[in-house]
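Shown next, in structure tokens, is the structure this report addresses.
The values are calculated or read from the model by the stated rules, or taken from the named source; none is laboratory data. This is a predicted model, so every value here is computed, not measured. Cβ placement follows ideal geometry from the backbone for every residue including glycine, while neighbour counts extend to all protein chains displayed. We work out accessible area using only protein heavy atoms, side chains counted, and drop any ligands, DNA or RNA first. Shrake-Rupley method; radii C 1.70, N 1.55, O 1.52, S 1.80 Å.
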2 protein chains.
Amino acid sequence: MRVALKIAYDGGAFFGHQRQPDRRTVEGECLAALRAAKILRDPREAFFRSASRTDRGVSAIGNVIAFNTSFAPRAVVGAFNDRARDVWGWAIAEVPDAFHPRHALERWYRYHLFTDLSLPTLRRAAALFVGEHDFNSFTSDPAPGPITINRIGVSRAGRAILIDIRAGSFRRGMVRRIVSAMARCARGDILEEEIRAALNGRRRDFGIVRPEPLFLMDVLYSVPMRVILVPKIRDVLHSLESETELRVRFLATVQAAVRAAP
Amino acid sequence: MRVALKIAYDGGAFFGHQRQPDRRTVEGECLAALRAAKILRDPREAFFRSASRTDRGVSAIGNVIAFNTSFAPRAVVGAFNDRARDVWGWAIAEVPDAFHPRHALERWYRYHLFTDLSLPTLRRAAALFVGEHDFNSFTSDPAPGPITINRIGVSRAGRAILIDIRAGSFRRGMVRRIVSAMARCARGDILEEEIRAALNGRRRDFGIVRPEPLFLMDVLYSVPMRVILVPKIRDVLHSLESETELRVRFLATVQAAVRAAP
């Protein structure tokens with residue numbers, strides 16, 4: 001049987017996604033957990049594949065891996081989470097034998113901007129990218145053929161501006177290069193006309209924003225995935241909650257100490 | 001001239017406090033920064049000393065280091081922060097030549113508990129420890145002689161219970177062993193009587209809580225320290241704010257995704 005497993009991970013815990021000999025990577029950790037739990041033996045035999053190879057530093061809420069196994073879906077989730085560290089499997093689907101997670105209906109990325117920029121200006125810049133364009137100015141890995149962006153949402157959440165980008169597929173570095181161009185345009189460093197020209201094939205480099213604020217939110221398929229919350233995941237979320245609260249308190253306490261200055 | 005520099009650091013970034021050859025430690029990072037900035041040359045010559053050697057994983061808001069230097073106090077803060085990573089100097093004082101930061105009026109530690117316990121019960125347990133007692137059941141490093149705890153505060157802040165402990169000096173692991181005993185007493189695992197007996201010299205081991213939720217809040221001296229906020233520190237606090245917010249958002253997004261389950 002072939003299954004697709006939806007995974008979340010904190011990009012800060014890994015040296016990127018793709019397997020590397022001496023580095024802790026997301027794929028490496030997933031495979032080690034799957035092997036240790038005996039969910040699969042040989043990755044090649046099990047036709048192990050990932051939906052998206054996120055860059056180093058990028059986190060995922062819903063990346064997807066797929067593999068063949070003799071385990072029942074619910075048992076996969078439990079056994080995987082028993083072994084994996086810093087990666088959490090939280091939804092699963094049985095999929096056809098030929099299923100390759102790269103062939104998705106849509107991918108959804110979210111970038112968090114922590115500079116104060118005008119939302120209407122960012123939205124105007126965002127609109128330039130929506131639709132079918134030549135994105136070779138917006139990737140570290142140019143290739144022939146256009147790409148279609150389905151939608152870009154710009155919204156505010158607390159101190160962050162969220163930029164939600166959806167497309168069937170992305171090229172390497174594409175989200176971070178689009179966001180860099182949008183932010184520079186909103187700041188007035190570059191003109192909308194320059195972005196338009198680049199999207200029509202005139203090569204330009206508008207820079208790239210840092211990877212940590214980027215989350216791969218979800219990868220969508222025609223098969224629905226079933227959420228399965230094993231106790232381990234509840235515990236992990238709880239301990240993540242404490243850790244996060246500790247970070248918040250550390251910062252607040254430093255700031256309070258520093259501000260209490262006469 | 002001799003100066004005392006107040007430093008904050010995130011315990012998670014270091015392998016403990018005390019210098020070790022191949023490990024990143026708080027003292028090691030401070031000394032490397034002081035040397036690189038030419039604030040001091042030889043640590044022994046400069047009579048470099050720390051107020052408290054926090055355990056691995058423990059963070060500080062206000063630990064204190066002292067050393068001799070030819071730099072003016074304000075220049076020390078700027079040059080130190082230019083070089084140090086994950087340690088921030090934020091207040092300084094000129095001190096007498098014989099000043100040793102270990103000889104403090106009071107040290108203040110704060111522990112964050114993330115389990116829900118009754119505050120009145122915790123306060124009753126806390127009261128047992130206040131005053132002069134034999135703390136050899138509450139340290140990994142027993143030594144003759146009593147110790148005096150000045151005050152223990154128990155309060156709630158969001159999801160955390162804050163336990164604030166103040167004493168002139170502490171022995172190794174003491175705060176975390178006291179908190180462990182308080183929590184076990186509040187949970188009903190041990191009786192107040194058992195703690196009282198231990199504080200009267202009957203050796204017992206009530207366990208130890210994990211180090212990450214412990215902050216060394218401040219070390220007090222008769223000399224007042226002047227807060228000096230160099231631009232670097234403002235930037236660091238700002239980027240720490242973004243990082244912290246990212247952690248908060250990562251957690252909230254995972255939880256929202258997981259909870260959105262049908």
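What nm distances, shortest first, do you get from the label point of A:Gln255 to those in the other copies when the point sits 7 angstrom along Cα to Cβ?
A:Gln255 label point versus its equivalents elsewhere: 1.9 nm.
Anyone know which of A:Gly145, A:Gly201, A:Gly12 comes out most mobile in the 10 Å Cα GNM of chain A?
With Cα springs under 10 Å in chain A, the top fluctuation among A:Gly145, A:Gly201, A:Gly12 is at A:Gly145.
Using only alpha carbon positions, build the gyration tensor of region A:44-184, then give the equivalent ellipsoid semi-axes as the square roots of 5 times its eigenvalues, largest first, whole angstrom.
Details: eigenvalues 210, 71, 30 Å².
Working through the eigenvalues yields semi-axes of 32, 19, 12 Å.
What does the charge dipole of region A:1-55 about its Cα centre add up to, to the nearest 20 debye, if the Cβ of each Lys and Arg holds +1 and the Cβ of each Asp and Glu holds -1?
240 debye
Defining the label point at 7 Å along Cα→Cβ, can you sort the distances from A:Asp164 to the same site in each other copy, shortest first, in nm?
4.1
When chain B is treated as a GNM, springs tying every alpha-carbon pair under 10 Å, which of B:Ala93, B:Ala127, B:Ala183 comes out with the largest mean-square fluctuation?
B:Ala127
Suppose we keep just the DSSP beta bridges with both residues in chain B; what percent of those would be antiparallel, to 5?
For chain B, the DSSP antiparallel bridge percentage is about 95.
So what's Rg/Rh here for the protein assembly as shown, counting alpha carbon atoms and using the Kirkwood radius for Rh? Walk me through the numbers before you get to the answer.
On the way: Rg = 26.8 Å, Rh = 26.1 Å.
Computed over Cα atoms, the ratio is 1.03.
Tell me, what is the FRET efficiency for B:Asp86 and A:Ser169 to the nearest 0.05, using R0 = 41 angstrom and their Cβ-Cβ distance as r? Each step should come with its number before you reach the end.
Numbers: r = 38 Å, r/R0 = 0.93.
Computed FRET efficiency for B:Asp86 and A:Ser169: 0.60.
Skipping prolines and chain starts, which residues have an amide H placed within reach, meaning under 5 Å, of the one on B:Val95, given they are 5 or more residues away or on another chain?
B:Arg2, B:Val3, B:Ala4
Which whole-Hz ³J(HN,Hα) couplings does region A:231-241 yield from phi under the Karplus relation 6.51 cos²θ - 1.76 cosθ + 1.60, θ = phi - 60°, glycine and proline marked x?
x, 3, 5, 4, 5, 4, 4, 5, 6, 4, 5
Once amide H atoms are placed 1.01 Å from N in the peptide plane, what residues at a sequence separation of 5 or more from B:Ile190, or on another chain, have their amide H within under 5 Å of its amide H?
Long-range HN contacts for B:Ile190: B:Cys185.
Per residue, how much accessible surface does region B:163-262 expose to a 1.4 Å probe? Answer in Å², no decimals.
Ligands and nucleic acids excluded, the figure is 47 Å² per residue.
Determine ³J(HN,Hα), in whole Hz, for all residues of region B:49-64 in sequence, where each value follows from phi through the Karplus function 6.51 cos²θ - 1.76 cosθ + 1.60 and θ = phi - 60°; x replaces Gly and Pro.
Result, ordered by residue: 9, 10, 5, 9, 8, 5, 5, 4, x, 7, 9, 10, 9, x, 7, 9 Hz.
How large is the Rg to Rh ratio of region A:125-201 when both quantities use alpha carbon positions and Rh follows Kirkwood?
That ratio is 0.95, to two decimals.
Would you please state the base-10 log of I(q)/I(0) at q = 0.31 1/Å for region B:1-48, with intensities from the Debye formula using one equal scatterer on every alpha carbon?
-1.27
Per DSSP H run of at least 4 residues, take -39500 (n - 2.57); add these up for chain B, divide by its residues and hand me the 222 nm value, nearest 500 deg cm²/dmol.
After summing the helix terms and dividing by residue count, I get -10500 deg cm²/dmol.
So what are the radius of gyration and Dmax for the Cα set of region B:206-262, in Å?
18.9, 61
Taking a cut-off of 24 Å, what percent of all Cα-Cα pairs in region B:115-258 are separated by more than that? Kindly include the intermediate steps, with their values, before the conclusion.
Values: 4672 of 10296 pairs.
Distances greater than 24 Å cover 45 percent of the Cα pairs.
Chain pair A, B: how much accessible area is buried, both chains summed, with a 1.4 Å probe, in Å² to 100?
Between A and B, the summed buried area is about 4000 Å².
What number in nm² do you get for chain A if you take the convex hull of its Cα atoms and divide its surface by four?
Across all orientations, chain A yields a mean hull projection of 16.4 nm².
Carbon and sulfur atoms: what percent of the 1.4 Å accessible area of region B:72-164 do they account for?
The computed percentage sits at 51.
Please report the relative contact order for region A:1-129, taking Cα pairs under 8 Å with a sequence separation of at least 6, and give it as a percent rounded to a whole number.
Working: 217 pairs, mean separation 45.3, N = 129.
Relative contact order comes out at 35 percent.
Taking the alpha-carbon distance from A:Lys6 and a cut-off under 19 Å, which lysines remain once sequence neighbours fewer than 8 residues away in the same chain are dropped?
A:Lys38, A:Lys232
Just grab the label-to-label distance for B:Ser155 and B:Ala13, each label 7 Å out from Cα along the Cβ direction, in nm (one decimal).
Label at B:Ser155, label at B:Ala13, 2.7 nm between them.
Can you give the convex hull volume of the alpha carbon atoms of region A:1-111 per residue, in Å³? Kindly include the intermediate steps, with their values, before the conclusion.
Values: hull volume 10.3 nm³, N = 111.
So the per-residue hull volume is 93 Å³.
Using alpha-carbon pairs under 8 Å, 6+ residues apart, how would you state the relative contact order of chain A in percent?
Numbers: 515 pairs, mean separation 59.9, N = 262.
It rounds to 23 percent for chain A.
I'd like the accessible area for A:Trp90, computed on protein heavy atoms only with a 1.4 Å probe and all protein chains in place. Round to 10 Å², please.
The value for A:Trp90 is about 20 Å².
Give me the one-decimal nm value for the distance between modelled label points at A:Ala252 and B:Arg187, 7 Å along each residue's Cα-to-Cβ direction.
Here the modelled spin labels are 2.5 nm apart.
Evaluated at 25 °C with a viscosity of 0.890 mPa s, what Stokes-Einstein diffusion coefficient in µm²/s does region A:103-168 have when Rh comes from the Kirkwood expression over alpha-carbon pairs?
Here the translational diffusion coefficient equals 189 µm²/s.
Please identify which residues in region A:70-113 have an amide N closer than 11 Å to a label point set 7 Å out from the Cα of A:Val223, following the Cα→Cβ vector.
Once the point is set 7 Å along Cα→Cβ of A:Val223, A:73, A:92-101 turn out to lie under 11 Å by backbone N, inside region A:70-113.
Can you tell me the order of B:41-49, B:21-29 when each peptide is scored by its average per-residue count of other Cβ atoms within 10 angstrom, highest first?
The densest-packed peptide leads the list: B:21-29, B:41-49.
Using a 7 Å offset from Cα along the direction of the beta-carbon, what are the separations from B:His100 to the same position in each other copy, nm, ascending?
Sorted ascending, the copy-to-copy spacings read 7.0 nm.
Roughly how far apart, in whole Å, are the Cα centres of region B:180-197 and region B:42-100?
Going from one Cα centre to the other spans 38 Å.
Taking chain B as a Gaussian network, Cα atoms linked when under 10 Å apart, which of B:Arg247, B:Arg196, B:Arg74 shows the biggest mean-square fluctuation?
Greatest mean-square fluctuation among the candidates belongs to B:Arg247.
Axis carrying B onto A: which residue of B has the nearest Cβ, and how far, whole Å?
B:Arg247, 3
Give the relative contact order (percent, whole number) for region B:102-165; include only Cα pairs under 8 Å separated by 6+ residues.
42 percent
What ³J(HN,Hα) values, in whole Hz, does the Karplus curve 6.51 cos²θ - 1.76 cosθ + 1.60 give for region B:181-192 when θ = phi - 60°, with x put for Gly and Pro?
5, 4, 5, 5, 5, 5, 7, x, 6, 9, 9, 4
Give the Cα extents of region B:173-248 along the principal axes, in whole Å, largest first.
The principal-axis extents, from largest down, are 52, 39, 16 Å.
Once the dipole of region A:120-238 is set up with Lys and Arg at +1 and Asp and Glu at -1 on Cβ about the Cα centre, which of A:Ser169, A:Met217, A:Asn136 lies farthest towards its positive end?
It is A:Met217.
Just for the Cα atoms in region A:17-76, what are the lengths along the principal axes, largest first, rounded to whole Å?
That gives 33, 25, 17 Å along the principal axes, largest extent first.
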